[in-house]
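Contents: one structure, followed by commentary.
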Amino acid sequence: EHEDKEEELQPRDPVVVVMGHVDHGKTSLLDAIRKTKVIEGEAGGITQHIGAYRVKIGGKPITFLDTPGHEAFTAMRARGAELTDVAILVVAADDGVMPQTVEAINHAQAAKVPIVVAVNKIDVPGANPEKVRGQLTEFGLVPEEYGGDTMFVDISAKQNLHVDKLLEAVLLTADAELDLRANPDMDARGATVEARLDKGRGAVATVLVQQGTLHVGDAIVAGTSYGRVRAMLDENGQPMEAAGPSTPVQVLGLTSVPTAGDLFLVASDDRAARQIAEKRQATERAAQLAKRRKVVSLEDFKKKFAESEIDMLNIVIKGDSSGSVEALEDSLMKIEVSDEVGIQVIHRGVGAITQNDVNLATVDKAVIIGFNVRPNRQVADLAEREGVEIKYYSVIYRAIEDIEASLKGMLKPEYEEVVTSHSE
């Protein structure tokens with residue numbers, strides 16, 4: 001831990017997260033913000049996966065993190081709130097407060113992040129911004145006009161109405177409630193927002209620098225992966241030499257794909273980075289092995305015997321980015337059909353489905369789930385020969401529905417006698 005002295009601290013930009021229910025207009029709001037604030041001539045097409053970008057407002061930059069709205073992304077969303085200084089809660093004026101709206105409020109409040117409410121879709125017939133204000137007071141978000149301290153801004157992301165007022169409200173809230181300072185002159189540390197495997201470039205991680213400055217050529221460790229920063233790109237794909245606090249960048253040069261939410265830090269040299277990562281890998285491997293081999297006491301034995309009656313569905317999950325793999329695993333583990341059947345995720349990873357995955361599935365009689373990824377020709381042939389089933393999905397809901405259905409299929413049929421008639 002580096003103790004910062006007062007004189008070393010310099011102001012940094014606020015990091016803002018946009019949260020809210022699915023289909024309430026989070027992405028259209030971000031698009032509106034980007035269109036109005038991105039200097040003409042910059043590439044405005046920002047991919048979903050980088051999930052972080054900067055926008056200048058009156059010369060002051062703000063960093064935005066985009067968190068997906070669907071409940072399966074709770075795991076990522078909880079982390080999204082931890083990296084941020086201010087949360088914008090998007091609520092549709094025609095729809096009001098919904099389950100994920102409440103969840104977003106809870107995450108933000110648990111992380112002690114001040115909230116600015118954007119009441120979206122005020123141009124839609126049936127819009128009732130006042131009703132939204134009333135509903136939100138129940139959750140402790142009292143509008144300023146009612147004597148509270150939460151700023152509410154009525155906007156329309158589609159018509160681009162009052163979006164600038166919303167951004168001003170964010171800056172005001174950040175200035176009033178937070179002391180946003182960091183020391184840019186130390187070794188960088190921060191968190192991984194998203195990570196994926198790119199065909200040409202290897203592991204690409206989007207990181208948010210929280211303290212210090214990250215330079216090209218630094219040796220870094222993120223979770224169990226390590227490497228040297230070969231190149232850094234900003235959200236428009238332009239190369240950067242250095243990234244200060246509150247800056248999101250894409251980092252190339254890691255040896256493996258870190259998990260979304262892993263903290264990263266700069267090590268003194270390559271060797272130190274490798275040793276830290278290898279130590280972490282060893283601990284993780286030991287924990288996994290311990291999970292597989294449990295020492296059984298006599299009391300446990302009865303329980304184990306009862307559990308051996310349970311039919312387990314083994315699953316191998318592979319996806320295109322670590323965030324989606326984690327979200328998928330999270331939602332599959334929540335499926336409960338009955339006490340007789342259960343789910344076990346025996347392996348998960350980022351990248352295409354490999355021969356290794358198929359071999360593992362053969363041994364453990366598992367089903368492979370590919371989320372936005374496919375195997376190559378040889379691997380597909382091997383799976384066919386070994387009789388391993390590979391399912392492909394690009395929507396989380398579909399995968400959940402299918403797994404639930406197959407679990408129900410594993411249930412043993414129940415027989416009962418029904419009297420249809422009596423004859424005399």
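The values are calculated or read from the model by the stated rules, or taken from the named source; none is laboratory data. Please read these numbers as outputs of a predicted model, since none were measured by experiment. No Cβ is skipped: glycine too gets one built from the backbone with ideal geometry, and neighbour counts run over all protein chains shown. Heavy atoms of the whole protein, side chains included, go into the accessibility calculation; ligands, DNA and RNA do not. Shrake-Rupley method; radii C 1.70, N 1.55, O 1.52, S 1.80 Å.
Points to keep in mind about this one:
- Restricting the first member to segment 253-270 and to residues that are on the phi > 0 side of the Ramachandran plot, and the second to residues that are open to solvent by less than 20 Å² (accessible area, probe 1.4 Å) and not hydroxyl-bearing (Ser, Thr, Tyr), the beta-carbon pairs closer than 6 Å and six or more apart or on different chains are GLY253/GLY227; GLY253/VAL229.
- Qualifying residue in segment 153-165 (condition: exposed (fewer than 13 other Cβ atoms within 10 Å of the Cβ) and farther than 18 Å from PHE64 by Cα): yes
- Residue match in segment 311-320 (condition: at pLDDT below 85, open to solvent by 40 Å² or more (accessible area, probe 1.4 Å) and either assigned to a loop (DSSP other than H, G, I, E, B) or under 30 Å from PRO413 (Cα atoms) (or both)): yes
- From VAL358, VAL337, residue being at pLDDT 85 or above, more than 22 Å from GLU194 (Cβ to Cβ) and either hydrophobic (A, V, I, L, M, F, W, C) or part of a helix (DSSP H, G or I) (or both): VAL358
- Segment 112-137: number of residues that are within 18 Å of GLY96 (Cβ to Cβ), of a type in the set (D, E, K, R) and surrounded by fewer than 20 Cβ atoms within 10 Å (Cβ to Cβ): 3
- When we screen GLY190, GLY140, GLY148 for residues that are open to solvent by less than 30 Å² (accessible area, probe 1.4 Å), part of a loop (DSSP other than H, G, I, E, B) and among the small types (Gly, Ala, Ser), the only hit is GLY148.
- Qualifying residue in segment 190-211 (condition: closer than 27 Å to GLU3 by Cβ and out of contact with any strand residue (DSSP E or B) (no Cβ under 6 Å at 6 or more places or on another chain)): no
- Checking each residue in segment 202-241 for being farther than 20 Å from VAL350 by Cβ, among the polar types (S, T, N, Q) and buried (at least 16 other Cβ atoms within 10 Å of the Cβ) picks out GLN210, GLN211, THR213.
- Residue count for segment 350-365, restricted to those that are in contact with a helix residue (DSSP H, G or I) (Cβ under 7 Å, 6 or more places away or on another chain) and open to solvent by less than 40 Å² (accessible area, probe 1.4 Å): 3
- Taken over segment 245-258, the residue count meeting the criterion of being assigned to a loop (DSSP other than H, G, I, E, B) and crowded, with 18+ Cβ neighbours inside 10 Å is 6.
- Flag if TYR392 is in contact with a Lys or Arg (Cβ under 8 Å, 6 or more places away or on another chain) and free of Cβ contacts under 8 Å to residues at least 24 places away in the same chain: yes
- Residues considered: GLY148, GLY126, GLY134. Of these, the only one that is touching a Ser or Thr at 6+ places or on another chain (Cβ under 9 Å) and either at pLDDT below 85 or more than 11 Å from ALA93 (Cβ to Cβ) (or both) is GLY148.
- Condition check for SER394: among the small types (Gly, Ala, Ser) and open to solvent by 50 Å² or more (accessible area, probe 1.4 Å): yes
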